């Protein structure tokens, strides 16, 4: 399964957690839902890491541009 955009992924993760909280998860579905939640969390963490790296790369450039004005 693919991971959608940030909001879609976060919403899907919230739905999985809510199903655990509401006791809607059968034993048969438990592993599949845990596996999917793990995929979503890992994807979101990777996106955060990539965004952080891009921000750290752009920050000095923004500073240099501001100094030139």
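The values are calculated or read from the model by the stated rules, or taken from the named source; none is laboratory data. None of these values were measured; they are calculated from a predicted model. Positions of Cβ are backbone-derived with ideal geometry, glycine not excepted, and every protein chain shown enters the neighbour counts.
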| request: Kindly indicate whether residue 28 is over 21 Å from residue 4 (Cβ atoms) and free of Cβ contacts under 8 Å to residues at least 24 places away in the same chain. | output: yes
| message | Given the criteria modelled with pLDDT of 85 or more, out of contact with any helix residue (DSSP H, G or I) (no Cβ under 8 Å at 6 or more places or on another chain) and exposed (fewer than 10 other Cβ atoms within 10 Å of the Cβ), does residue 5 qualify? | response | yes
| remark: Output for Cβ contacts, cut-off 7 Å, separation at least six or different chains, first residue under 11 Å from residue 37 (Cα atoms) in the range 1-17, second surrounded by 11 or more Cβ atoms within 10 Å (Cβ to Cβ) and modelled with pLDDT under 90, reads 9/3
| task | Scan (1) surrounded by 11 or more Cβ atoms within 10 Å (Cβ to Cβ); (2) outside any helix (DSSP H, G or I) for the single condition residue 10 breaks and write down its number. | result | (2)
| message | For the range 31-59, give me each residue that is touching a residue at least 40 places away in the same chain (Cβ under 8 Å) and farther than 16 Å from residue 4 by Cβ. | response | none
| task | Check 44, 58 and return the single one that is assigned to a helix (DSSP H, G or I) and over 15 Å from the mean Cα position of the chain (by Cα). | result | 58
